[in-house]
Amino acid sequence: MKKDSFAIPLDVRAFAQAAGTRLAQDTLQKYERLMEESQGQGGDSAVNWSAQGEMRPVPGGAAEIWLHLQADAHVPVTCQRCLQPVDVPLVVDRSFRFVADEETAAQLDEEAEEEVLALDPEFDLASLIEDELLMEMPLVPRHEVCPTEVKLEAVDEDFDTAMAEKPKPFAALAQLKGGKPH
C-alpha cells in the first residue's frame, strides 16, 4: 500500500480484539490517487466507509485477526465513448485476514479465497480504502446511455466528397504514359 499525506492509522490487532467499528464520510480530495483518476474533478464528492474488526476462533489454534471493509464513492471520470463526464459508482464489501508477516501473507494469499494481508504496526486504513476503490474502477468508463449522440463510424461524407473532387496525381502520370485517366 502506498503511504499518502492523508492517513488513518490503525492497530489492526487491537482493533480486532476490541471488535472495533469505525465509520466515516470523507471527501474524494483526501484520496490523492482517486483524484488523479478523476483528473481533479469532484473533490467534494463523498467517500463513505466503515471498518469492523473481529477475532475469529480457529479450532485447535490461535484466533485469526479479520477486518471487514465497506466503502462507496462516486468518482467523476471521462466516458470513453462520448468523452463527456460520467460519475462512476464504486462499491467495496470485502474481508481481510491478517497474518504475522509478508512472506506468510504471500504464501496464503495464493491458496486462500479471502484476501490475506500482513500485520503492520503502522497500518494505514486510508490506503486500503483507496486501493480497494481503485480496483473497482472500470477499465473503460462509460455511460450506460451517452447524453449526446456518439458518432460510431469513421465515414465522413464531406471528406469523401472532398477526396473525389481532389485531382489525382497518378492520373496525370497515367495519361502521360498513354493509359486511361482515373
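The values are calculated or read from the model by the stated rules, or taken from the named source; none is laboratory data. What you are looking at is a predicted structure, and each value in this text was computed from that prediction instead of being measured. Heads up, the Cβs are rebuilt from the backbone with ideal geometry, glycines too, and the neighbour counts pull from every protein chain shown.
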Inset, instruction - Just name the residue that is nearest to the chain's Cα centre (by Cα) out of those in region 18-35 that are under 15 Å from Val92 (Cβ atoms) and surrounded by fewer than 13 Cβ atoms within 10 Å (Cβ to Cβ). - result: Gln25
Inset, instruction - Filter region 82-101 down to residues that are among the acidic types (Asp, Glu) and in a strand (DSSP E or B) and give me whichever is surrounded by the fewest Cβ atoms within 10 Å (Cβ to Cβ). - result: Asp93
Inset, instruction - Return yes when Ser38 is over 20 Å from Asp93 (Cβ atoms), crowded, with 16+ Cβ neighbours inside 10 Å and touching a residue at least 24 places away in the same chain (Cβ under 8 Å) and no when it is not. - result: yes
Legend entry - Single unsatisfied condition, Glu64 versus (1) in a strand (DSSP E or B); (2) of a type in the set (D, E, K, R); (3) under 20 Å from His143 (Cβ atoms): (3)
Legend entry - Selection status of Asp120, within 18 Å of the chain's Cα centre (by Cα) and outside any strand (DSSP E or B): no
Inset, instruction - Output the residue which, of all residues in region 41-54 that are buried (at least 16 other Cβ atoms within 10 Å of the Cβ) and of a type outside the set (S, T, N, Q), is nearest to the chain's Cα centre (by Cα). - result: Val47
Legend entry - Subset of region 158-182 (residues that are exposed (fewer than 10 other Cβ atoms within 10 Å of the Cβ), at pLDDT 70 or above and either basic (Lys, Arg) or touching a strand residue (DSSP E or B) at 6+ places or on another chain (Cβ under 6 Å) (or both)): Lys166, Lys177
